[in-house]
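These notes concern the structure reproduced below.
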Amino acid sequence: MIRDLYAVRLLPAEEPGATPLTDEEERRFRAVLFSELGNEIADRGRARYPAYTPEDRRRLVDVANRLTAHWGRRVLVEIEDECRLSLRLADHGATDHVTP
């Protein structure tokens, strides 16, 4: 069966670092990350979260910085692999691949 596609158009390429979220959605998403990851870090000393894009990684680094400011204790970001980051308290375990 042959199907014709009508009214199909190419979407413009996204700019690097552009996010598909509106400013309000971005603010809410970061607030949820701050709350959920903060609770997990408070309970276990660390939290893992997927980060598939550079924007995802920037969000997690921002959340770590906000948690550091909120608690007055340093929260570090570790790269587990190309798709996952780990946030942990500075005094909770030690690894060699820690980024600020």
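Hey, if we sort THR68, THR22 by accessible area with the 1.4 Å probe, largest down, what's the order?
THR22, THR68
Just to be sure I understand the model, the point goes 7 Å from the Cα along the line to the Cβ. What's the resulting ARG74 to GLU40 distance in nm?
The two pseudo-label positions are separated by 2.3 nm.
Heavy atoms only, 1.4 Å probe, whole protein assembly: order GLU78, GLU55 by accessible area, highest first.
Highest to lowest solvent-accessible surface, that is GLU55, GLU78.
Heavy atoms only, 1.4 Å probe, whole protein assembly: order VAL61, VAL75 by accessible area, highest first.
VAL61, VAL75
Non-local amide H neighbours of ALA51 (under 5 Å, H modeled in plane, Pro and chain starts lacking H): which ones?
Amide H neighbours of ALA51, under 5 Å, 5+ apart: ARG84, LEU85.
Report the full-extension gain for the segment ARG66 to ALA7: residue separation times 0.36 nm, less the Cα-Cα distance, to one decimal in nm.
Here the answer is 16.7 nm.
Short version: what are the Cα gyration tensor semi-axes of segment 20-69, square root of 5 times each eigenvalue, largest first, in whole Å?
Gyration-tensor ellipsoid for segment 20-69: 19, 12, 9 Å.
The values are calculated or read from the model by the stated rules, or taken from the named source; none is laboratory data. Being a predicted model, the structure only gives us computed values, none of them experimental. FYI the Cβ positions are ideal-geometry reconstructions off the backbone, even for glycines, and counts take in every protein chain you see. SASA here: full protein model, heavy atoms, side chains in, ligands and nucleic acids out. Shrake-Rupley method; radii C 1.70, N 1.55, O 1.52, S 1.80 Å.
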